[in-house]
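The values are calculated or read from the model by the stated rules, or taken from the named source; none is laboratory data. Keep in mind that what you see is a predicted model, and the values were worked out from it rather than measured. Cβ coordinates were reconstructed from backbone atoms using ideal geometry, including for glycine residues, and neighbour counts include every protein chain displayed.
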Amino acid sequence: MATDEESRPVPPRGDAIAGDDVQSVVDTLADRLGRSVAVDDPQLHLIAASRHFGDEDDIRVRSVIDRKIPPELQRWVLGKGVADWKQPGRVTGDPDTGLAPRLCFPVRCNGMLLGFLWLIESGAATGGEPHPAVTEAAESIGLILYRRMVLNERRRSRVESSLRMLLSPEKDDRYRAIDEIREEQLLAHSSHLVVLVAEADAEPTGDTALALEAAAERMERRLPRGSVLTLVRGRRAVVAVGGPRPLSDRAVRELAERFREDFGRTTRPERTCAVGLSATVHGLEAVVDAHRQAGTAVRAAALLPVFGGIASWSSLGPFALLLRIDFDQLTQDLPFPGVGDLLGNPEHEVLVRSAEEFLDRAGDSSSTAEAMHVHRTTLYHRLKRVESITGLSLDDGMDRLTLHLALKMARINTARRSSS
């Protein structure tokens with residue numbers, strides 16, 4: 001089995017088997033047995049794999065190359081109940097997928113399942129009693145993974161606490177967080193920082209938080225060590241990414257796209273999340289501002305289909321201001337009653353779309369008519385109707401601004417109501 005996690009070193013402990021990390025234990029065991037060895041985490045994500053000894057099957061080769069196995073095969077293996085095994089057992093092969101029979105050794109420590117050690121059954125290497133070295137290796141790996149988990153949990157707790165204070169409205173909290181991040185070396189570089197805010201599209205559940213945490217962890221594995229601070233609460237995740245140089249807009253966009261993909265891979269197919277991205281800021285002192293930008297951007301990504309689920313602060317345009325309006329407090333009284341007449345009548349939908357397209361294109365009638373697939377005469381007729389209903393003149397700059405803002409506010413409010 002395999003997908004995409006890389007092993008990381010932990011402090012030495014003097015095992016009987018050489019090596020002080022999972023990869024070393026796996027390599028030593030494989031050389032001792034003359035057989036391929038792999039270790040997965042409880043979700044069948046690859047932790048470490050040895051070189052091959054001619055006993056590999058198609059699934060092993062594909063998993064090492066692609067760093068993943070097909071989701072349907074992952075479900076098939078876990079459906080065998082291996083997560084409940086306390087002793088080694090045999091997983092039968094599946095000729096349809098190219099999966100050879102395997103010996104599965106649950107990797108546990110203090111009664112907690114931390115992974116699986118796999119030996120492929122091939123040729124003479126089948127059946128019989130497990131070699132004592134395999135049990136010894138599984139125990140060693142269990143202890144290494146347990147210690148790693150404890151260290152990671154401690155670090156995660158410090159990261160979450162520091163990031164929560166870094167986003168506080170209180171300056172004293174933020175200064176204290178900056179001192180902690182520097183003293184604990186939680187972030188290797190803070191010269192250039194981008195904040196990503198992800199928000200799930202449904203009420204928070206245990207699955208939601210797990211999916212957000214899994215997506216954040218995968219992002220952390222893809223980036224240099226010490227580049228990421230993460231905080232997950234309910235259906236929202238905040239991720240601060242720091243580096244010695246600014247990330248390109250394309251690189252930041254790719255991070256957001258991979259985050260959404262990873263979230264979807266861990267949760268139900270109908271679930272998704274929106275992602276908002278801040279501008280690049282300089283220094284930990286500015287992270288609170290970047291978080292505010294990303295928070296506004298994620299609202300745009302969640303409410304407005306035009307953004308396709310991902311919005312950056314720099315792409316928001318007027319929405320950067322409009323999305324900060326408290327619509328619950330917004331009065332329905334407009335300075336021009338006719339604007340309300342235009343927006344409140346469903347029969348005027350084509351007029352609204354024509355006016356918005358025209359204003360979005362800075363009053364370019366030719367490109368507007370082309371975009372709407374109508375003759376310019378038809379467009380002129382529609383715009384005259386808009387002027388007649390609203391009492392505004394599209395030749396007047398202030399009137400144009402009034403109508404444009406009203407149209408954008410109406411779009412946001414409609415999306416907000418449909419999502420609530």
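Quick rundown of the values:
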| item | result |
| --- | --- |
| Boolean, Leu323 is at pLDDT 90 or above and surrounded by 16 or more Cβ atoms within 10 Å (Cβ to Cβ) | no |
| Selection count, the stretch 349-381, where residues are closer than 26 Å to Gly317 by Cα and either in contact with a Ser or Thr (Cβ under 8 Å, 6 or more places away or on another chain) or in a helix (DSSP H, G or I) (or both) | 22 |
| Residues being without any contact (Cβ under 8 Å) to a residue 60 or more places away in the chain and out of contact with any helix residue (DSSP H, G or I) (no Cβ under 6 Å at 6 or more places or on another chain) - total across the stretch 256-289 | 7 |
| Arg250 vs. criteria without any contact (Cβ under 8 Å) to a residue 12 or more places away in the chain, over 30 Å from Gly264 (Cβ atoms) and either out of contact with any Leu (no Cβ under 7 Å at 6 or more places or on another chain) or not hydrophobic (A, V, I, L, M, F, W, C) (or both) | no |
| Residue in the stretch 123-133 that is of a type in the set (S, T, N, Q), surrounded by fewer than 20 Cβ atoms within 10 Å (Cβ to Cβ) and at pLDDT below 90 present | yes |
| Filter result (farther than 20 Å from Arg182 by Cα and among the hydroxyl-bearing types (Ser, Thr, Tyr)) within the stretch 218-258 | Ser248 |
| Residue in the stretch 341-354 that is aliphatic (A, V, I, L, M), at pLDDT below 90 and surrounded by fewer than 16 Cβ atoms within 10 Å (Cβ to Cβ) present | no |
| Hits in the stretch 187-225 (condition: more than 19 Å from Thr267 (Cα to Cα) and buried (at least 19 other Cβ atoms within 10 Å of the Cβ)) | Leu187, Ser190, Leu193, Val194, Val195, Leu196 |
| Matching residues in the stretch 237-265 - criterion: being closer than 22 Å to Leu163 by Cβ, within 10 Å of the chain's Cα centre (by Cα) and either part of a helix (DSSP H, G or I) or charged (D, E, K, R) (or both) | Leu255, Ala256, Arg258, Phe259, Arg260, Asp262, Phe263 |
| Residue among Leu44, Leu29 that alone is within 15 Å of Phe116 (Cβ to Cβ), of a type in the set (A, V, I, L, M, F, W, C), modelled with pLDDT under 90 and in the same structural domain as Gly115 (by TED's automatic domain parsing) | Leu44 |
| Only listed residue being among the β-branched types (Val, Ile, Thr), over 27 Å from Pro42 (Cβ atoms) and either at pLDDT 90 or above or not assigned by TED's automatic domain parsing to the domain that holds Pro42 (or both), chosen from Val252, Val232, Val238 | Val252 |
| Residue pairs meeting the criteria (Cβ under 8 Å; at least 6 apart or on separate chains; first assigned by TED's automatic domain parsing to the domain that holds Gly391, in the stretch 355-377; second among the β-branched types (Val, Ile, Thr)) | Ala355/Val386; Glu357/Thr368; Phe358/Thr368; Arg361/Thr368; Ala369/Thr378 |
| Residue in the stretch 171-178 that is on the phi > 0 side of the Ramachandran plot, surrounded by 15 or more Cβ atoms within 10 Å (Cβ to Cβ) and either in a helix (DSSP H, G or I) or in the same structural domain as Leu46 (by TED's automatic domain parsing) (or both) present | no |
| Strands (runs of 3 or more DSSP E) fully within the stretch 74-165 counting 2 or more residues that are within 13 Å of Asp41 (Cβ to Cβ) and of a type in the set (Gly, Ala, Ser) | none |
